[in-house]
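**Student:** The structure's right below; bear with me while I get my questions together.
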Amino acid sequence: MSSRMHGVAVDAGSGLAAAIAEARGAQAHPDDHRRFKEIVLQVLGREATTVLLDAEYGPQLLNSYPDGCAPMIALEADVYHISDADRITRLPDDLSAADFPGLGVRLLKFFMYFAPDDPAPLNRRKLEIVEAVGRDCARAGVDFLFEPLVYARGIAPGTPEFAAIKPDLVCRTVATFADPRFNAAVLKIEVPVDLGFVEGFGTPARSRRQALDSFRQVAQAAGEVPFVFLSAGVPFDWFKASLVMAEEAGSGHAGFMCGRAIWSDAVGIFGSGGPEAMQGWLHDVGLARLRALKAVAP
């Protein structure tokens, strides 16, 4: 990548739709989910390098992309309907990588939950699926942005136990998918530490120096493959602080793809005040947040 990605992700599916419907209450409309995404795209897309939409609404909203904002679509069925048993991402029935050039879309995102210590047969299935998506992207001339999300069976995220192993999980997972066989043009990865357990933020189980080392280690794991950080729904201030640490560590990251950390508050605004109030909030607060992240990772 010649320049950094300053991306906004608004590809959430039925979970976001349910949250919007609850916020809207008696004012709920069947088109609310699409309208919410359209407003995020039109306002934040003016100052983002790309906006990520889902497979359902992305093709419908291509004409709403502002000039200079590259379209990106997720090649996934609803991520909220993934089985807890295997956590394998389902592909959409009516969209494939081969369709992207005809839509004028050159950026494809696909994600998979991955636990390095899961049973080998399950992980082989996941690797084969990711490899197939990457191969299809290469054939179609589409840039493949792959997002591996780590987990460990029996250990809940947000706990001290998970925070202790997260850096290793992220590094091992990034190293796996940085292999050229997957054809990833960009890896969209998690911040390798849980700030809730880092000195200066929450329970100081990990020093700031150790946290910075984790950013350097994940950069080494990525090798020559560019990587961007995702926000994973953390509060905005914490995601901004994560990017500050990535810069301080000299990680050489290629930017960010930020979703809920920027726009999650807009759900309540949309519910209480409707589209116009949401637009106003995004113009004032949403754009200010995006600009603050861009200033940290110019």
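Bear in mind that the values in this text are calculations on the coordinates, not laboratory data. In this text, all values refer to a predicted model and were calculated from it rather than measured experimentally. Reconstructed Cβ throughout: ideal geometry from the backbone, glycine too, with neighbour counts over all protein chains shown.
**Student:** So, Phe197, is that one among the aromatic types (Phe, Trp, Tyr) and crowded, with 23+ Cβ neighbours inside 10 Å or not? Quick ask: steps written out before the conclusion?
**Tutor:** On the way: among the aromatic types (Phe, Trp, Tyr): yes; crowded, with 23+ Cβ neighbours inside 10 Å: no.
Here the answer is no, as Phe197 does not meet what is asked.
**Student:** Going by the structure shown, is Tyr57 outside any loop (DSSP other than H, G, I, E, B) and of a type in the set (Ser, Thr, Tyr)? Show your work before the answer.
**Tutor:** Numbers: outside any loop (DSSP other than H, G, I, E, B): no; of a type in the set (Ser, Thr, Tyr): yes.
The answer is no for Tyr57.
**Student:** Related question: Which one is nearest to Ala175 (Cα to Cα), of the residues in the range 94-140 that are under 22 Å from the mean Cα position of the chain (by Cα) and assigned to a loop (DSSP other than H, G, I, E, B)?
**Tutor:** It comes out as Pro116.
**Student:** Hey, does the range 43-50 have a residue that's part of a helix (DSSP H, G or I), under 23 Å from Leu287 (Cβ atoms), touching a Lys or Arg at 6+ places or on another chain (Cβ under 8 Å) and acidic (Asp, Glu)?
**Tutor:** Initially, the range 43-50 is screened for residues part of a helix (DSSP H, G or I), giving 43-44.
Remaining after also requiring under 23 Å from Leu287 (Cβ atoms): 43-44.
Those still in the list that are touching a Lys or Arg at 6+ places or on another chain (Cβ under 8 Å) too: none.
Checking the range 43-50: not a single residue is part of a helix (DSSP H, G or I), under 23 Å from Leu287 (Cβ atoms), touching a Lys or Arg at 6+ places or on another chain (Cβ under 8 Å) and acidic (Asp, Glu).
**Student:** Regarding the range 82-98, can at least one residue be identified that is touching a Cys at 6+ places or on another chain (Cβ under 6 Å), crowded, with 21+ Cβ neighbours inside 10 Å and touching a residue at least 24 places away in the same chain (Cβ under 8 Å)?
**Tutor:** As a first pass, look at the range 82-98 and keep what is touching a Cys at 6+ places or on another chain (Cβ under 6 Å): 97.
Among the residues that remain, those that are also crowded, with 21+ Cβ neighbours inside 10 Å are: 97.
Next cut, touching a residue at least 24 places away in the same chain (Cβ under 8 Å) only: 97.
Yes, that holds for at least one residue.
**Student:** Another one. What's the number of the only condition in (1) under 15 Å from the mean Cα position of the chain (by Cα); (2) farther than 21 Å from Arg90 by Cα that Leu52 fails to meet?
**Tutor:** It is condition (2) that Leu52 fails.
**Student:** Name the single residue, out of those in the range 60-76 being out of contact with any strand residue (DSSP E or B) (no Cβ under 9 Å at 6 or more places or on another chain) and small (Gly, Ala, Ser), that is surrounded by the most Cβ atoms within 10 Å (Cβ to Cβ).
**Tutor:** Among residues in the range 60-76 that are out of contact with any strand residue (DSSP E or B) (no Cβ under 9 Å at 6 or more places or on another chain) and small (Gly, Ala, Ser), the one surrounded by the most Cβ atoms within 10 Å (Cβ to Cβ) is Ser64.
**Student:** On to the next question. For the range 149-202, how many residues are farther than 25 Å from Arg124 by Cα, of a type in the set (Phe, Trp, Tyr) and within 17 Å of the chain's Cα centre (by Cα)?
**Tutor:** Final tally of qualifying residues: 0.
**Student:** If you go through the range 244-263, how many residues are farther than 24 Å from Ala178 by Cα, small (Gly, Ala, Ser) and surrounded by fewer than 23 Cβ atoms within 10 Å (Cβ to Cβ)?
**Tutor:** 0
**Student:** Do we find a residue being surrounded by 18 or more Cβ atoms within 10 Å (Cβ to Cβ), in contact with a strand residue (DSSP E or B) (Cβ under 6 Å, 6 or more places away or on another chain) and within 24 Å of Leu145 (Cβ to Cβ) anywhere in the range 266-288?
**Tutor:** So far as the range 266-288 goes, no, none of its residues is surrounded by 18 or more Cβ atoms within 10 Å (Cβ to Cβ), in contact with a strand residue (DSSP E or B) (Cβ under 6 Å, 6 or more places away or on another chain) and within 24 Å of Leu145 (Cβ to Cβ).
**Student:** Within the range 139-163, track down each residue that is of a type outside the set (Lys, Arg), exposed (fewer than 15 other Cβ atoms within 10 Å of the Cβ) and within 29 Å of Pro101 (Cα to Cα).
**Tutor:** If the condition is that a residue be of a type outside the set (Lys, Arg), exposed (fewer than 15 other Cβ atoms within 10 Å of the Cβ) and within 29 Å of Pro101 (Cα to Cα), then Gly141 is the only one that fits.
**Student:** Evaluate the range 110-129: report whether one residue or more is buried (at least 20 other Cβ atoms within 10 Å of the Cβ) and β-branched (Val, Ile, Thr).
**Tutor:** no
**Student:** Do we have any residue at all in the range 65-78 that's aromatic (Phe, Trp, Tyr), part of a loop (DSSP other than H, G, I, E, B) and farther than 24 Å from Phe182 by Cα? Break it down stepwise before answering.
**Tutor:** Residues of the range 65-78 that are aromatic (Phe, Trp, Tyr), as a first pass: 65.
From what's left, part of a loop (DSSP other than H, G, I, E, B): 65.
So of that shortlist, the ones also farther than 24 Å from Phe182 by Cα come out as 65.
There is at least one residue in the range 65-78 that is aromatic (Phe, Trp, Tyr), part of a loop (DSSP other than H, G, I, E, B) and farther than 24 Å from Phe182 by Cα.
**Student:** From the residues in the range 228-243 that are of a type in the set (A, V, I, L, M, F, W, C) and closer than 21 Å to Thr50 by Cα, which one is surrounded by the fewest Cβ atoms within 10 Å (Cβ to Cβ)? Full working, then the answer.
**Tutor:** Step one: filter the range 228-243 for residues of a type in the set (A, V, I, L, M, F, W, C), giving 228-230, 232, 234, 236, 238-239, 241, 243.
Checking the rest, the ones that are also closer than 21 Å to Thr50 by Cα come to 228-230, 232, 234, 236, 239, 243.
On the way: Val228: 22, Phe229: 27, Leu230: 21, Ala232: 17, Val234: 20, Phe236: 21, Phe239: 26, Leu243: 23.
Only one residue fits best here, namely Ala232.
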